[in-house]
Amino acid sequence: MKDKPMWIVIADGGRGRVLKANNAGRGIAPALDHELVADTRPGREINADRPGRTKDRMAQGRHAYEPPTDPRENEQIEFARQIARLLDDERKQGSYGRLAIIAPPKMLGLLREAMTGEVRDLVSAEIAKDLTKLPLHELEKRLPELL
């Protein structure tokens with residue numbers, strides 16, 4: 001596994017990047033040719049239809065049905081699953097040997113839940129911060145202990 005590069009996943013609820021640490025700790029570079037992007041529309045646009053109506057047996061009148069979960073939260077869960085699937089596919093191809101995850105606490109938890117056991121075993125570092133908006137040169141300055 002030492003000859004395989006370390007991948008660094010930086011994600012929040014709507015955006016993510018996968019970087020690769022170059023050999024001998026000499027910086028980082030994009031591991032993929034694209035960024036990962038989730039559906040970031042407001043919840044009112046995700047569920048644009050009017051909610052259904054329901055009638056309680058014990059109450060009088062009808063009221064709008066409220067979904068049990070927030071549509072934005074569902075989108076974040078699906079985005080974490082998308083990242084986890086990508087990481088598992090790339091693991092099967094042998095693209096990386098170790099993995100570092102950098103995400104806000106909520107997204108970090110969603111990623112942990114979505115990852116397979118094999119991918120989780122390759123995680124060598126987790127940082128609970130939102131660093132998605134930092135450029136590469138700034139990330140290199142902030143993450144020397146990973147590299």
| task | Given a cut-off of 22 Å, name the pairs among LYS92/LYS141; LYS4/LYS92; LYS106/LYS129; LYS20/LYS141; LYS4/LYS129 whose C-alpha atoms lie farther apart than that in the structure shown. | result | LYS92/LYS141; LYS4/LYS129
| Could you state the number of Å between the C-alpha centres of region 8-23 and region 86-115? | 9 Å
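Every read-out reported here was derived from the displayed coordinates using simple, explicitly stated rules and does not represent laboratory data. Please read these numbers as outputs of a predicted model, since none were measured by experiment.
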